[in-house]
Amino acid sequence: MTRPESALPTDPSRRAPAPYQPVWSLSDEALLAGYGAGDPGASAAFVRRFQSRVFGLAMTLVGDPSTAEEVAQEAFVRAFRHASAFDPRRARVSTWLLAITRNLAIDALRVRRSEPMDPDAILRLPLVGDEASPEESALLSADTRRLADALRRLPPEQKRAVVLAALYGRTAREISEMDGVPLGTVKTRVRTAMMTLRKVLVDEHPGPRHGGSGDDV
């Protein structure tokens, strides 16, 4: 992977910290602050600390090295621009950065909808890699995990239709032409899949239940 730091903005008038090595001992929050301030040493250390996880998550989601590298580059640029908005009370630096990466990867998939991956391959993609770090796993809320599990339990034809419609933004007519099935069949598959997913999520995460005797207070 090409070093993202080579494309990152820095202020050439700033003096690089000396010595360089102690920068590595700084906390994630301190590195992010220095990165956002344009400190060359902190910027290089920040990118090197997180680049493998950022690229790995992007690669897992988009499935293409070139696109994954573009996503990773943009994730670091976004982090640079918005470093001052980071709130350590809400998330770790790694979780925040990986959330940026995940959103950019999803955007990249949608932009590529004119030449999508094989939909069958999409269905096999995990939400994070098998070697996901705790930070990557933390990106997935309980609701997201339930949704993913419910999606995997759908019949293949329904799962394929809803993934193409929801992830790639394909219309029912486009899916019909791709799969060689009637338009009405595609609409039924998507509608049935969405109803099933909604029911599964509601049943597995019910709200407060009240007895019917009227004795509850």
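Filtering region 32-49 to residues that are under 15 Å from T101 (Cβ atoms) and either within 15 Å of the chain's Cα centre (by Cα) or surrounded by fewer than 21 Cβ atoms within 10 Å (Cβ to Cβ) (or both) leaves only R49. Being in a helix (DSSP H, G or I), of a type in the set (S, T, Y) and either in the same structural domain as P155 (by TED's automatic domain parsing) or surrounded by 17 or more Cβ atoms within 10 Å (Cβ to Cβ) (or both) is a property that S66 lacks. For R49, the stated conditions hold: it is in the same structural domain as R110 (by TED's automatic domain parsing), of a type in the set (D, E, K, R), in contact with a helix residue (DSSP H, G or I) (Cβ under 7 Å, 6 or more places away or on another chain) and at pLDDT 90 or above.
Can you find a residue in region 18-31 that is at pLDDT below 90, surrounded by 12 or more Cβ atoms within 10 Å (Cβ to Cβ) and within 24 Å of the chain's Cα centre (by Cα)? No, every residue in region 18-31 fails to be at pLDDT below 90, surrounded by 12 or more Cβ atoms within 10 Å (Cβ to Cβ) and within 24 Å of the chain's Cα centre (by Cα). Looking across region 168-217, the residues that are in contact with a Lys or Arg (Cβ under 9 Å, 6 or more places away or on another chain), surrounded by fewer than 17 Cβ atoms within 10 Å (Cβ to Cβ) and at pLDDT below 80 come down to G169, L201, E204, H205.
Among the numbered conditions (1) among the aliphatic types (A, V, I, L, M); (2) crowded, with 21+ Cβ neighbours inside 10 Å; (3) modelled with pLDDT of 90 or more, the only one that V77 does not meet is (2).
The values are calculated or read from the model by the stated rules, or taken from the named source; none is laboratory data. Just so it is clear, the model here is predicted, and its values are computed rather than measured. Cβ: placed from backbone, ideal geometry, glycine included. Neighbour counts: every protein chain shown.
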